[in-house]
Amino acid sequence: MSSLLVISNKALSKLGVKNIRSLTEQGKVAARCNEHVRQAVKEVLRQHTWSHAAVWASLPQLAVGPPFGYEHAYQAPMETEKVFDVRQLEDLAAPKIDFEMVRGKVIYTDAEPCYARYIVYNEADLAQAPADFVDTCAFKLASEIAVPLSKTNMQPNMNSGYLYTLREARTSDTRSSRERKTDENRECKFLSVRHFPSSADAEVY
């Protein structure tokens, strides 16, 4: 069962609506879920620096820079939902650099080079997402589809549930993924891989 289907059925259960077997099956319920579930997940992703969806990477610089304001332009991946950290050194002790992400997932900044941390939307990653994140996505979806699918006005309850689970999920993620205190004698490398190294020598963030 796909993660999007799991989120959809969790949302339907909260609304007291019968579960579906596929997002593409015939009927109004599946059509509503298929229409809104991806956007619901993306909205939740933009609300926090989720550790399970974070990527560290050195971004490629574009040949044409910004027309004004900043010195350089870099291309972020198209699946990027939120950029939360830009630096020009491979060191978490280095100061963060101001930036702006514009149309086309292009980042304008004065950093050169550009080491960035950002949140991505990847459906395959949802299978590894924490249960509280999945539940938050389900509440968000339920709030979007409550009006056309529920017999009573359940949207206010779904909105309240979303805000509560979002707050709890963010708190849990922050506690389990704190940035380490920088050791001035230790070099910190940015890695162009999903989240953090999993080897025995990796730092816990």
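Only one entry in 6, 37, 44 is closer than 15 Å to residue 146 by Cβ and either in a helix (DSSP H, G or I) or of a type outside the set (Lys, Arg) (or both), namely 37. Is it the case that some residue within the stretch 92-111 is hydrophobic (A, V, I, L, M, F, W, C), surrounded by fewer than 17 Cβ atoms within 10 Å (Cβ to Cβ) and at pLDDT 95 or above? Yes, because at least one residue in the stretch 92-111 is hydrophobic (A, V, I, L, M, F, W, C), surrounded by fewer than 17 Cβ atoms within 10 Å (Cβ to Cβ) and at pLDDT 95 or above. So if I check each of 107, 119, 145, which one is closer than 30 Å to residue 31 by Cα and part of a strand (DSSP E or B)? Criteria check complete, one pass: 119. Considering 2, 8, 51, 13, the condition of being under 30 Å from residue 87 (Cβ atoms) and either buried (at least 18 other Cβ atoms within 10 Å of the Cβ) or of a type outside the set (Val, Ile, Thr) (or both) is satisfied by 51 alone. The sole residue among 32, 21 that is closer than 21 Å to residue 142 by Cβ and assigned to a loop (DSSP other than H, G, I, E, B) is 21.
Per-residue answers, yes or no, for (1) in a loop (DSSP other than H, G, I, E, B); (2) of a type outside the set (Gly, Ala, Ser); (3) more than 30 Å from residue 172 (Cα to Cα); (4) outside the structural domain of residue 8 (by TED's automatic domain parsing):
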| position | (1), (2), (3), (4) |
| --- | --- |
| 65 | yes, no, yes, yes |
| 68 | yes, yes, yes, yes |
| 84 | no, yes, no, yes |
| 138 | no, no, no, no |
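Give me a count of the residues in the stretch 122-136 that are polar (S, T, N, Q) and either buried (at least 16 other Cβ atoms within 10 Å of the Cβ) or part of a loop (DSSP other than H, G, I, E, B) (or both). Count: 2.
Restrict the check to the stretch 40-58 and report whether at least one residue is free of Cβ contacts under 8 Å to residues at least 60 places away in the same chain and either within 29 Å of residue 176 (Cα to Cα) or over 15 Å from the mean Cα position of the chain (by Cα) (or both). No; the residues of the stretch 40-58 include none that is free of Cβ contacts under 8 Å to residues at least 60 places away in the same chain and either within 29 Å of residue 176 (Cα to Cα) or over 15 Å from the mean Cα position of the chain (by Cα) (or both).
The values are calculated or read from the model by the stated rules, or taken from the named source; none is laboratory data. On a predicted model such as this, the values are computed, not experimentally measured, just so you know. Using ideal geometry, Cβ is built from the backbone for each residue, glycine included, and neighbour counts are taken over all protein chains shown.
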